[in-house]
Amino acid sequence: IPLFDTISPICSGSSLPSLPTISTNGISGLWTPALDTTKTTTYTFTPSLGQCALTTTLTITVNPKTTPTFNPIAPICSGESLNALPTISNNGIPGSWSPSLNNTTTTTYTFVPTNGECAVTTSLTLTVNPKITPTFKPVPDICLGATLSPLPLNSTNGISGTWLPALNNTATTIYTFTPSNGQCATTTQLMIAINSNATITPLFNPISPLCAGQIVPLIGSSCLPTS
């Protein structure tokens, strides 16, 4: 019986050296079928004519490549902190990721298994949402001391938050809107202008003297513009 050393299992697609045509106990012959590195196969050795020997077989185990698996990562807001990606998959495959983490734009990362692992590369996409700028309707200028309505706590594009500082109807002020936690939004500002720090005195054209009983002309409903 021709004798051969056993061959260790290989990973699918790995190189496989040719099988020896002479057994360890000196029998020459040929193998069939042709080597296949994609699946487990049993090969038959047929001794050359003229030798007092039997056919024999040798099985080479080909292990399929494993696909590393990872938990999906929830989308983040641009600029938020981002934890390092795991270097060992859920199913035990070690490896490394590329490119470097980027917390400013959506990126697909590639995981390459460590050499010697019977595994394929895989990818993981991490979504980074851009920050929204809250928008508000402008507030018309007001006169010194006029009533000032509270600023809205929800922007026109749906962002909730709070304003600072407190409303001031005596001086032109820039107010800052800070979005509530958990929203992918930036702070924004809104200026409310106070027209003057002094009271405006309405002015009208003078009315000429009248005779008793004359009709008094109408006085304009708007004051004259000041120079």
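The values are calculated or read from the model by the stated rules, or taken from the named source; none is laboratory data. Fair warning: this is a prediction, and the values are worked out from it, not measured in the lab. As a convention, Cβ positions derive from the backbone with ideal geometry for all residues, glycine included, and neighbour counts pool all protein chains shown. To get the accessible areas, we keep the full protein, side chains included, count just its heavy atoms, and leave off ligands, DNA and RNA. Shrake-Rupley method; radii C 1.70, N 1.55, O 1.52, S 1.80 Å.
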> Hey, does segment 74-84 have a residue that's in contact (Cβ under 8 Å) with a residue 12 or more places away in the chain, open to solvent by 50 Å² or more (accessible area, probe 1.4 Å), over 26 Å from residue 62 (Cβ atoms) and not in a loop (DSSP other than H, G, I, E, B)?
Replying inline: no
> Residues of segment 109-130 being in contact (Cβ under 8 Å) with a residue 24 or more places away in the chain and surrounded by 15 or more Cβ atoms within 10 Å (Cβ to Cβ), which ones?
Replying inline: 109, 111, 113, 117, 118, 119, 120, 122, 124, 126, 128
> Of the residues that sit in segment 85-100 and are not small (Gly, Ala, Ser) and not in a loop (DSSP other than H, G, I, E, B), which one is most open to solvent (accessible area, probe 1.4 Å)?
Replying inline: 88
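Condition first: out of contact with any Pro (no Cβ under 6 Å at 6 or more places or on another chain), open to solvent by 90 Å² or more (accessible area, probe 1.4 Å) and part of a loop (DSSP other than H, G, I, E, B). Can you find one or more residues in segment 101-108 that meet it? Walk me through how you get there before you give the answer.
Just the residues of segment 101-108 that are out of contact with any Pro (no Cβ under 6 Å at 6 or more places or on another chain), to begin with: 101-108.
Add one more test, that the residue is open to solvent by 90 Å² or more (accessible area, probe 1.4 Å), and what stays is none.
Scanning segment 101-108 turns up no residue that is out of contact with any Pro (no Cβ under 6 Å at 6 or more places or on another chain), open to solvent by 90 Å² or more (accessible area, probe 1.4 Å) and part of a loop (DSSP other than H, G, I, E, B).
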> Hey, residue 147 hits all of (1) open to solvent by 60 Å² or more (accessible area, probe 1.4 Å); (2) under 18 Å from residue 187 (Cα atoms); (3) β-branched (Val, Ile, Thr) but one; which does it fall short on?
Replying inline: (2)
> Any idea which of (1) in contact with a Ser or Thr (Cβ under 6 Å, 6 or more places away or on another chain); (2) at positive phi is the one residue 26 doesn't satisfy?
Replying inline: (1)
> Would a scan of segment 120-143 turn up a residue that is part of a strand (DSSP E or B) and small (Gly, Ala, Ser)?
Replying inline: yes
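May I ask you to say which residue of 178, 125 is modelled with pLDDT of 95 or more and either of a type in the set (Gly, Ala, Ser) or closer than 30 Å to residue 108 by Cα (or both)? Full working, then the answer.
Values: 178 fails: either of a type in the set (Gly, Ala, Ser) or closer than 30 Å to residue 108 by Cα (or both).
Only one candidate passes the filter, namely 125.
Hey, can you tell me all the residues within segment 161-196 that are open to solvent by 60 Å² or more (accessible area, probe 1.4 Å), part of a strand (DSSP E or B) and more than 23 Å from residue 147 (Cα to Cα)? If you could, list the steps in order and put the result at the bottom.
We begin by selecting, within segment 161-196, every residue open to solvent by 60 Å² or more (accessible area, probe 1.4 Å); these are 162, 164-167, 170, 172, 174, 178, 181-182, 187, 189, 191, 195.
Add one more test, that the residue is part of a strand (DSSP E or B), and what stays is 162, 164, 174, 178, 189, 191.
Listed by number, the list holds a single entry, 178.
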> Among all residue pairs at least 6 apart or on different chains, which show Cβ distances below 7 Å where the first residue, located in segment 10-24, is over 14 Å from residue 41 (Cα atoms) and the second is among the small types (Gly, Ala, Ser)?
Replying inline: 21/28; 21/29; 22/28
> Which of the residues belonging to segment 36-88 are among the aliphatic types (A, V, I, L, M), farther than 18 Å from residue 7 by Cβ and more than 38 Å from the chain's Cα centre (by Cα)?
Replying inline: 49, 53, 54
> In this structure, is residue 108 within 11 Å of the chain's Cα centre (by Cα) and either hydroxyl-bearing (Ser, Thr, Tyr) or closer than 11 Å to residue 68 by Cβ (or both)?
Replying inline: yes
